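Participant: So that we are looking at the same thing, I have put the structure below in structure tokens.
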Amino acid sequence: MKKFFTRFSVMLFTLLVITGCATAPTASISVEEAQNYPRGGRQVLLNWTFDSAQPPVALPEGYSIVRGVGVNGTSALRFARQSNQVGEYIAFPLTGIEPGVNYMLRLKIKGDIVNAPGSRQKKPVVCGIEYRVNGRPREVLYPLKPLTGEYQEFTFQFMARPNGYEPHLVLYLWHDWSGEIFFDDVEISSEGQDVSARIIQPGNLTFRNGDTNFTIHVDPRTPQPAALLVSITQNGKTESVVLENMDENFCFKGEFSDLVPGKAEMTIKVLDMAKKLCLYTATYQMNVLEPDTPVPANAALFDEYGRLIVDGKPFMVLGVYGMFGEIDIQRVAAAGFNTLHLYASLSLRGNVRHADVATNMREGLDLIHKYNLRLLFSTATQIPDSTQAYHEWDGVKGMREVITHAVQMTKDHPALLGWYISDECSRDHIPYLQSVREQISAIDPWHPVWTLTYRTEDMPLYHTSGDVFGIDNYPIDARAEKQSLDKLVAAMQAANLGGIPVWMVPQIFNWEYHAVNPQVSGTRGPNRQELIAMPLLGAIMGARGFVFFSYTSLFLRGERLIPGSAARDWPAVVEMVQIMKSLEKFIMSKEDGIPVEVIGTDRVMAKLFQAEDGEVALVAVALGPDPVKATIKVPEHINLKSRFGLTRKTGPGLYEFTAGAIDADILDQE
């Protein structure tokens, strides 16, 4: 039986070979030497000061260079608009942006702008990185803070993106805003190789039972030889250690000599030993519990194999993003789900709405518990630029204070499973999310923090904001004739770089249901085969939890657009849930899978799972978009039988799997 981190060692070793890293021995250095390693890798790629006679970029209508209004009385770029509509704007293409490198946008901005009366667009976006495909804007990411009459520095981290996404620097004013803005000291710099590190143990950022051991996982792309400088500070005293013992799973293990109950601050520095540089620094606020602190009855903690343990047993999360009406909760439970995710957790209530928030919360949790479901409580609205954030709740004022109050109110309820703190936040939000994770774990060190994004370029840095990581890459296009699961493969590969457990969010909805002006004719969501194949692919690639998006899409959005569609689509979801439940003992096993070989194509992925009782099950998934045939070779003594009829035995240990597009089969042991 191998520990959790070894499950992906082959994949990660392959990545290291591709990137040219090696596991050369490292030379020993002292703490003092390590502390003096300089931060490495920064290089300025773009610098605009607007002082020269020639503007650094062509100026569309509304833009001008104005003397004497810059940060130090120099020139600045001015943009003025009286209308509320976006016209032509500066979108400067950025060249030389390389994958695997972290970039930073820095600039200073001041202005006087007005929001259009009655507008729902409350974000005064004034700069950012816009990604274009074939010259057409696809997505813009941006820093956000209130604009004032004095210059403020805006900063934003970004990365290269795959699949033809070309980054552009944009300086403008979003729709429904008018007024005047000044830009100065615009800079884009590379900040060095995008590497990071995560605390694997202790879980929940909490030392327990008098244990002072720790495990830290580093990005597999970290240049080798690598080392860590790890420090912990308590009560004004700091203990530091240099670790050079990275194992085959990219983990460093260490131990502090002495910790006392209370708070502690743990700092990690990733060192490039060859270049004598510090590549990454992170600081975590930690908890140290009294050695005899009892484990609460409702605790949900990860074990050393990456399995969530609830009531003393492995718990495979089978959840859905849903609603809290009793008929909805009852339907979810009847389908076989064991977990409910609620975006509207702060509005949770039972069948009767009370004036008292605490009563509403207790009765809502009781209702979830009545149907033997667990709740993933969402605080994801509590993000600085969220228009849905609660700034006052149950008499408590302040966005972060609301989080504290909600955690204190719900942490002891038996229905609670964990905390969901982020929903596809930008890279720039990661430090904030980490601080929210620390805030929650300080109050409730007995339930995991779940963090989620679809942006593979932000992985595994994004993993620093949670105990468990989620991906929600939805591959089934509403209108495409051919479909593939390539997005999910890429997302799971990136997610596995982080070394922490992964919970997948598979798609059960029609993309068109979420369009601004939906036109549902001729569109579809995942079919039966795709519904089954997506979570099975996640399981093959190491996911130990599955939270499907979304019940709300089917029973709220879908029903409004196509009455009766939810009743039509839900039975296939129920079937898929039952299939996943039938594999729980395999997916949650401590045992590694038995090696298999897929012959004849690279469009099929397969895994031979082994349960702890010795029973095996083979899972095969065709990635699409075209028909495919593959021979799967397993040990000859194992005899298997196809569950869905897509696979036949062709010889000792040889099984031929055939699929017309995205599809899956399970072969049970005879």
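The values are calculated or read from the model by the stated rules, or taken from the named source; none is laboratory data. The model shown is predicted, which means the values in this text are computed figures rather than measured ones. Every residue, glycine among them, receives a Cβ derived from its backbone with ideal geometry; neighbour counts consider all protein chains shown. For accessibility, only protein heavy atoms count, side chains too; no ligands or nucleic acids. Shrake-Rupley method; radii C 1.70, N 1.55, O 1.52, S 1.80 Å.
Participant: Here is a list: A630, A661. Which entry is touching a residue at least 40 places away in the same chain (Cβ under 8 Å) and surrounded by 17 or more Cβ atoms within 10 Å (Cβ to Cβ)?
Facilitator: Exactly one of A630, A661 is touching a residue at least 40 places away in the same chain (Cβ under 8 Å) and surrounded by 17 or more Cβ atoms within 10 Å (Cβ to Cβ), namely A661.
Participant: Residues being under 27 Å from P223 (Cβ atoms), open to solvent by less than 60 Å² (accessible area, probe 1.4 Å) and of a type outside the set (F, W, Y): count how many of those fall in region 240-268.
Facilitator: Summing the residues that are under 27 Å from P223 (Cβ atoms), open to solvent by less than 60 Å² (accessible area, probe 1.4 Å) and of a type outside the set (F, W, Y) in region 240-268 gives 13.
Participant: Here are some conditions: (1) assigned to a strand (DSSP E or B); (2) surrounded by fewer than 18 Cβ atoms within 10 Å (Cβ to Cβ); (3) free of Cβ contacts under 8 Å to residues at least 40 places away in the same chain. V230 meets all but one. Which one does it not meet?
Facilitator: For V230, the failing item is (2).
Participant: Another question about this same structure. Just checking: which of the strands (runs of 3 or more DSSP E) contained wholly in region 239-302 hold 2 or more residues that are modelled with pLDDT under 95?
Facilitator: Details: elements: 251-255, 262-272, 277-288, 300-302.
Correct list: 277-288.
Participant: In the list P635, P652, P625, which residue meets the criterion of being touching a Ser or Thr at 6+ places or on another chain (Cβ under 8 Å) and open to solvent by 10 Å² or more (accessible area, probe 1.4 Å)?
Facilitator: P625
Participant: Considering only region 208-223, state which residues are assigned to a loop (DSSP other than H, G, I, E, B) and either in contact with a helix residue (DSSP H, G or I) (Cβ under 8 Å, 6 or more places away or on another chain) or surrounded by 17 or more Cβ atoms within 10 Å (Cβ to Cβ) (or both).
Facilitator: Once the filter is applied, which keeps residues that are assigned to a loop (DSSP other than H, G, I, E, B) and either in contact with a helix residue (DSSP H, G or I) (Cβ under 8 Å, 6 or more places away or on another chain) or surrounded by 17 or more Cβ atoms within 10 Å (Cβ to Cβ) (or both), region 208-223 yields R208, D219, P220, R221, T222, P223.
Participant: Here is a follow-up. Identify the residue in region 142-172 that is aliphatic (A, V, I, L, M) and farther than 21 Å from E98 by Cα and, among all such residues, is surrounded by the most Cβ atoms within 10 Å (Cβ to Cβ).
Facilitator: Among those residues, the one meeting the criterion is L171.
Participant: Which condition from (1) assigned to a loop (DSSP other than H, G, I, E, B); (2) touching a residue at least 40 places away in the same chain (Cβ under 8 Å); (3) of a type in the set (V, I, T) is the one that T148 breaks?
Facilitator: Result: T148 fails condition (2) only.
Participant: Pairs needed: first member in region 156-173, more than 13 Å from M104 (Cβ to Cβ) and of a type in the set (S, T, Y); second member anywhere, at pLDDT below 90 and in a loop (DSSP other than H, G, I, E, B); C-beta distance under 7 Å; at least 6 residues apart or different chains.
Facilitator: Matching pairs, first to second residue: Y172/V86.
Participant: Restricting the first residue to region 398-409 and requiring it to be more than 16 Å from M361 (Cβ to Cβ), which pairs with a second residue that is surrounded by 15 or more Cβ atoms within 10 Å (Cβ to Cβ) and of a type outside the set (V, I, T) meet a Cβ separation below 6 Å and a spacing of at least six or different chains?
Facilitator: M399/Q382; M399/A389
Participant: Which numbered condition trips up R198, out of (1) out of contact with any Phe, Trp or Tyr (no Cβ under 9 Å at 6 or more places or on another chain); (2) open to solvent by 20 Å² or more (accessible area, probe 1.4 Å)?
Facilitator: The number of the failed condition is (2).
Participant: Consider only pairs whose beta carbons are under 6 Å apart and that are at least six residues apart or on different chains; among these, list those whose first residue lies in region 292-313 and is farther than 14 Å from G545 by Cβ and whose second residue is open to solvent by less than 40 Å² (accessible area, probe 1.4 Å) and part of a loop (DSSP other than H, G, I, E, B).
Facilitator: Once the first residue is farther than 14 Å from G545 by Cβ and sits in region 292-313, its partners that are open to solvent by less than 40 Å² (accessible area, probe 1.4 Å) and part of a loop (DSSP other than H, G, I, E, B) give P296/W446; A299/W446.
Participant: Right, something else. Looking at region 358-382, which of its residues are of a type in the set (V, I, T) and either buried (at least 21 other Cβ atoms within 10 Å of the Cβ) or in contact with a Gly (Cβ under 8 Å, 6 or more places away or on another chain) (or both)?
Facilitator: Matches in region 358-382: I368, T379.
Participant: Taking region 558-586, which residues are under 20 Å from L536 (Cβ atoms) and open to solvent by less than 10 Å² (accessible area, probe 1.4 Å)?
Facilitator: V573, M576, V577, M580, L583 - these are the residues of region 558-586 that are under 20 Å from L536 (Cβ atoms) and open to solvent by less than 10 Å² (accessible area, probe 1.4 Å).
Participant: Scan region 115-141 for residues that are open to solvent by 40 Å² or more (accessible area, probe 1.4 Å) and at pLDDT below 90 and jot them down.
Facilitator: G118, R120, K122, K123
Participant: Report every pair of residues separated by at least 6 positions or lying on different chains whose Cβ atoms are under 6 Å apart, first residue within region 514-525 and modelled with pLDDT of 95 or more, second among the charged types (D, E, K, R) and in a loop (DSSP other than H, G, I, E, B).
Facilitator: Matching pairs, first to second residue: T523/R479.
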